[in-house]
1. Filter segment 138-161 down to residues that are crowded, with 16+ Cβ neighbours inside 10 Å and either out of contact with any helix residue (DSSP H, G or I) (no Cβ under 8 Å at 6 or more places or on another chain) or farther than 22 Å from His72 by Cα (or both), then give me how many there are.
2. Only one of these conditions is not met by Ile230: (1) modelled with pLDDT of 95 or more; (2) over 18 Å from Ser114 (Cα atoms). Which number is it?
3. If a residue counts only when it is under 23 Å from Leu170 (Cα atoms), which strands (runs of 3 or more DSSP E) contained entirely in segment 219-259 have at least 2 such residues?
4. From the list Pro283, Pro278, Pro312, pick out the single residue that is touching a Gly at 6+ places or on another chain (Cβ under 7 Å), in a loop (DSSP other than H, G, I, E, B) and either over 16 Å from Val186 (Cα atoms) or small (Gly, Ala, Ser) (or both).
5. Scan segment 283-303 and report the pairs whose first residue is without any contact (Cβ under 8 Å) to a residue 24 or more places away in the chain and whose second residue is open to solvent by less than 20 Å² (accessible area, probe 1.4 Å) and of a type outside the set (Phe, Trp, Tyr), with Cβ atoms within less than 6 Å and a gap of 6+ or a chain change.
6. Condition check: of a type outside the set (Asp, Glu), in a helix (DSSP H, G or I) and either in contact with a Phe, Trp or Tyr (Cβ under 7 Å, 6 or more places away or on another chain) or surrounded by 24 or more Cβ atoms within 10 Å (Cβ to Cβ) (or both). Does Ala164 satisfy that?
7. Taking segment 93-121 as the search range and keeping residues that are part of a loop (DSSP other than H, G, I, E, B) and hydroxyl-bearing (Ser, Thr, Tyr), which one is most open to solvent (accessible area, probe 1.4 Å)?
Amino acid sequence: MRRALVTGATGGLGLALTAALLAEGYAVRATGRDAWAAQRLRAMGAETVEVDLVEDPQRAIGLCAGVDVVFHAAALSSPWGRARTFERVNVEMTRTLLDAARQIGCQGLVFVSSPSIYAETRDRLALTEADPPARRPLNAYARTKLAAERLVLAANGPDFFTVAIRPRALVGPDDKVLLPRLLDLVACERAPLPRGGRALVELTDTRDAAHALILADRKRAVVGGRAFNISGGAPIGVRAFALDLAAAMGLPLRIVPAPWPLLYGIATLAQGVASILPGRPEPALTPYGVATLAFSQTFDLTAAQCDLGYAPRHDAHATALELARRRGEGSWP
């Protein structure tokens with residue numbers, strides 16, 4: 001039986017990954033910050049460990065002991081926050097896990113990276129793994145995920161494999177990042193969309209992302225040291241997606257065209273103000289958020305298909321609409 005450690009296991013992707021690993025016959029040790037979700041993990045059959053590797057990095061050795069492969073999904077995933085916090089959580093914790101996993105004798109580490117590394121104020125279509133990341137990261141999250149990914153891939157070697165998976169626009173019942181924010185916007189019944197909402201986005205069902213992560217472990221002998229872009233492979237316009245979500249929620253939605261430079265400027269100002277307010281509250285608009293709504297990002301999945309054997313098995317758009325319908329009925333957060 002192959003033994004896996006899943007960090008960030010109480011998040012949306014972590015829960016889907018743990019369920020998939022258990023279904024594939026792995027023994028799973030899971031760690032995360034949500035105590036209620038940890039109960040779900042135990043009910044699935046996972047061993048759970050409560051640990052904060054940012055504050056208590058010396059426990060990483062014990063966490064990795066007896067494990068064959070580490071799936072590192074834990075991260076500070078937000079468009080807003082203190083740069084130092086992103087550095088500690090996304091870069092330093094990754095370095096801690098890498099060092100511990102190699103020291104204790106794990107076979108390798110599969111890293112959940114992010115397509116935010118590509119985000120820019122321009123359309124980027126049919127991206128391949130050979131395409132460069134953004135010339136200037138749009139926020140601390142994108143910057144630190146790229147730094148962590150580079151650390152991970154540089155650690156690949158003959159006795160320790162590493163792979164990075166970059167899942168685009170995750171949707172699932174336990175996601176707290178993308179879909180809830182979009183549904184909050186739709187619930188206002190008036191959505192100012194930069195460039196009229198014509199930007200394309202590719203959604204990824206969390207179950208497909210989990211499958212890609214497991215494939216990275218299965219194909220470790222041939223894909224070590226590489227990163228793979230992952231999505232559901234079905235681009236949809238932001239405007240069309242917003243209108244579909246509104247219809248699923250039973251709400252009218254008025255799309256208001258908004259010049260993206262104006263929104264970007266407002267977001268930059270709002271971010272500057274928030275940075276000096278007590279508690280540094282997240283602004284309603286951030287430059288990163290505007291850019292992701294205004295500009296297309298789609299993937300060429302050839303590498304994932306040919307080398308990982310990945311193909312989407314779930315309709316992420318249908319998943320999102322079902323969750324929106326449940327939100328409209330009051331049965332989903």
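1. Qualifying residue count, segment 138-161: 4.
2. Status for Ile230: all satisfied but (2).
3. Once the strands (runs of 3 or more DSSP E) in segment 219-259 are filtered for at least 2 residues that are under 23 Å from Leu170 (Cα atoms), what remains is 226-230, 235-237.
4. Going through Pro283, Pro278, Pro312 in turn, just one is touching a Gly at 6+ places or on another chain (Cβ under 7 Å), in a loop (DSSP other than H, G, I, E, B) and either over 16 Å from Val186 (Cα atoms) or small (Gly, Ala, Ser) (or both): Pro312.
5. What qualifies is Leu285/Ala267.
6. no
7. Thr121
Residues are listed down the side, and each one gets a yes or a no for (1) in contact (Cβ under 8 Å) with a residue 24 or more places away in the chain; (2) of a type in the set (D, E, K, R):
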| residue | (1), (2) |
| --- | --- |
| Ala142 | yes, no |
| Glu149 | yes, yes |
| Ala154 | no, no |
| Phe160 | yes, no |
| Gly172 | yes, no |
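The values are calculated or read from the model by the stated rules, or taken from the named source; none is laboratory data. The structure presented is a predicted model; accordingly, all values stated were derived computationally and were not measured. Because the Cβ atoms are built from the backbone with ideal geometry, glycine has one as well, and the counts that use them run over all protein chains shown. Ligands, DNA and RNA are excluded from the accessible area calculation, which covers all protein heavy atoms including side chains. Shrake-Rupley method; radii C 1.70, N 1.55, O 1.52, S 1.80 Å.
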